[in-house]
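Contents: one structure, followed by commentary.
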Amino acid sequence: MLDERLAALLSSAIARVRRINYVQPGGLREGDEGPIELKLENGAVFRLESGSDGESLRLCVGEWRDPFAEPLSAENRVFVARSGKWVAFDVSRESGYQRLIGQQLRDLSLLVEGGKIVGAELLFGAMALRVAVRADELLVELRDDD
């Protein structure tokens, strides 16, 4: 099953990119940190995020689901109003991310520290997508590799 998922990642182009960012109670989006989700043209969805240890990179399969989606209980509504929540944003048309759309993975490098995978660099066409876990957050950097 893992071989099939890896084959899907290596053989299909990106159709959509989402970032899962924390939104403060006042509506301020913390766009620099948080998981990144890639949906492929073949329907497969992969998400890169911080592992439960706060240091390692975690690869998840499937779309992120909002645990605080409507309908909310009264208790959860108060919690979200007071604390904020994670929200998925389609960033496929935003600068940089738009250049990933239609591209296939051409190379993958893992960053290993202390025996743990803590980051990765994925090359898609002329774009490099670098992810690294720092202090329990996933930092994402896009760069033109031309």
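Between helix 2-11 and the chain there is an angle of about 70 degrees, using the helix long axis and the longest principal axis of the Cα atoms. For the pair the range 105-120 and the range 58-81, the centres of their Cα atoms are 29 angstrom apart. Ordered from highest to lowest accessible area with the whole protein assembly present and a 1.4 Å probe, V118, V80 read as V80, V118. Working from Cα positions, state the angle (0 to 90°, nearest 10) between the long axis of helix 74-83 and the longest principal axis of the chain. Taking the Cα atoms of the chain, the angle to 74-83 is about 70 degrees.
Here is how the number arises for the chain: DSSP H runs of 4 or more residues each give -39500 (n - 2.57), the sum is divided by the residue count, and the result at 222 nm is -4000 deg cm²/dmol. Quick one: among E33, E41, E75, which has the greatest mean-square fluctuation in a GNM of the chain with alpha-carbon springs under 10 angstrom? It is E75. Other residues with beta-carbon under 13 Å from the beta-carbon of P25 carry, at +1 per Lys or Arg and -1 per Asp or Glu, a net charge of +3. Per residue, the chain exposes 57 Å² of accessible surface when a 1.4 Å probe is rolled over the protein heavy atoms with every protein chain present. Per residue, the average separation of C-alpha pairs within less than 8 Å and at least 6 apart gives the chain a relative contact order of 26 percent. Simple point charges give the picture: +1 on the Cβ of Lys and Arg, -1 on the Cβ of Asp and Glu, and for the chain a dipole about the Cα centre of about 360 debye. Residues in the range 86-99 carry Karplus couplings, in order, of 7, 9, 8, 10, 6, 10, 4, 9, 7, 3, x, 4, 4, 6 Hz; the curve used is 6.51 cos²θ - 1.76 cosθ + 1.60 with θ = phi - 60°, and Gly or Pro positions show x. Only Cα pairs within less than 10 Å get springs; with that Gaussian network setup on the chain, which residue of G84, G31, G115 has the largest fluctuation? Among G84, G31, G115, the largest GNM mean-square fluctuation belongs to G115.
The apolar share of the surface of the chain, taken as the fraction of accessible area on carbon and sulfur atoms (1.4 Å probe, ligands and nucleic acids excluded), comes to 50 percent.
The values are calculated or read from the model by the stated rules, or taken from the named source; none is laboratory data. This one's a predicted model, so the numbers in the text were calculated from it and none came from an experiment. Positions of Cβ are backbone-derived with ideal geometry, glycine not excepted, and every protein chain shown enters the neighbour counts. The area values use the complete protein model at the heavy-atom level, side chains included, leaving out ligands, DNA and RNA. Shrake-Rupley method; radii C 1.70, N 1.55, O 1.52, S 1.80 Å.
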